[in-house]
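Visitor: Input: one structure, supplied below.
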Amino acid sequence: MSTSPIWLCKAADVGTERPRQVCPKGSDEALAVSRIGDEFFLTEDTCTHALVSLSDGHIEDGVLHCPLHGGAFDIRTGKALEFPCTKALKTYAIERKGDDLYGLLA
C-alpha cells in the first residue's frame with residue numbers, strides 16, 4: 001500500500017448513519033469511511049468475524065454495527081465491542097483538505 005495520501009471521496013458524500021465504501025488506488029481491499037459530526041474515520045470494510053461489507057451496517061453513537069450477525073466496532077479505534085466480533089478492525093489515518101478526504105494507507 002502507498003505511504004502517500006490517497007484520495008478517498010468527498011466529505012459531503014459521507015453520512016453519519018452508514019459508512020461509505022471506497023476502493024482507493026493502491027489498495028487491494030475495500031475500506032469504510034465513517035463520520036461522527038465533522039470527524040472522519042477510516043477502517044477496513046470487511047468484518048473480522050465474517051466476510052461481509054461493514055458499509056451495509058449502521059452507525060450509532062460512534063459504534064458500527066455489522067449487518068450480518070450484529071457484532072459491533074468502535075469506528076474511532078477499530079476495537080471489537082460486541083460478540084461475535086472479537087478481532088479489531090484495521091484503522092488508517094485520514095485527513096480532510098477542503099471537501100476532499102485522503103487516507104494514509106501505510
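Visitor: Condition first: under 23 Å from A11 (Cβ atoms), surrounded by fewer than 17 Cβ atoms within 10 Å (Cβ to Cβ), in contact with an Asp or Glu (Cβ under 6 Å, 6 or more places away or on another chain) and not polar (S, T, N, Q). Can you find one or more residues in region 68-90 that meet it?
Guide: Checked region 68-90: at least one residue is under 23 Å from A11 (Cβ atoms), surrounded by fewer than 17 Cβ atoms within 10 Å (Cβ to Cβ), in contact with an Asp or Glu (Cβ under 6 Å, 6 or more places away or on another chain) and not polar (S, T, N, Q).
Visitor: On the given criteria, is P19 open to solvent by less than 80 Å² (accessible area, probe 1.4 Å) and either of a type in the set (D, E, K, R) or at pLDDT below 95 (or both)? Walk me through how you get there before you give the answer.
Guide: Details: open to solvent by less than 80 Å² (accessible area, probe 1.4 Å): yes; either of a type in the set (D, E, K, R) or at pLDDT below 95 (or both): no.
Against the criterion (open to solvent by less than 80 Å² (accessible area, probe 1.4 Å) and either of a type in the set (D, E, K, R) or at pLDDT below 95 (or both)), P19 does not qualify.
Visitor: Scan region 41-67 for residues that are in contact with a helix residue (DSSP H, G or I) (Cβ under 7 Å, 6 or more places away or on another chain) and under 18 Å from D13 (Cα atoms) and report the count.
Guide: So the count comes out to 2.
Visitor: Does K10 satisfy the criteria of being over 10 Å from the mean Cα position of the chain (by Cα), open to solvent by 20 Å² or more (accessible area, probe 1.4 Å) and over 18 Å from L105 (Cα atoms)?
Guide: So K10 does not fit the description; no.
Visitor: Of the residues that make up region 95-106, is at least one in a loop (DSSP other than H, G, I, E, B), modelled with pLDDT under 95, surrounded by fewer than 16 Cβ atoms within 10 Å (Cβ to Cβ) and of a type in the set (A, V, I, L, M)?
Guide: For region 95-106, residues in a loop (DSSP other than H, G, I, E, B), modelled with pLDDT under 95, surrounded by fewer than 16 Cβ atoms within 10 Å (Cβ to Cβ) and of a type in the set (A, V, I, L, M): present.
The values are calculated or read from the model by the stated rules, or taken from the named source; none is laboratory data. Computed from a prediction, not measured in an experiment: that's the story for all the values here. A quick note on method: Cβ atoms are made from the backbone with ideal geometry, for glycine too, and the neighbour counts reach across all protein chains shown. Please note that ligands, DNA and RNA were not included when accessible areas were found on the heavy atoms of the full protein model with its side chains. Shrake-Rupley method; radii C 1.70, N 1.55, O 1.52, S 1.80 Å.
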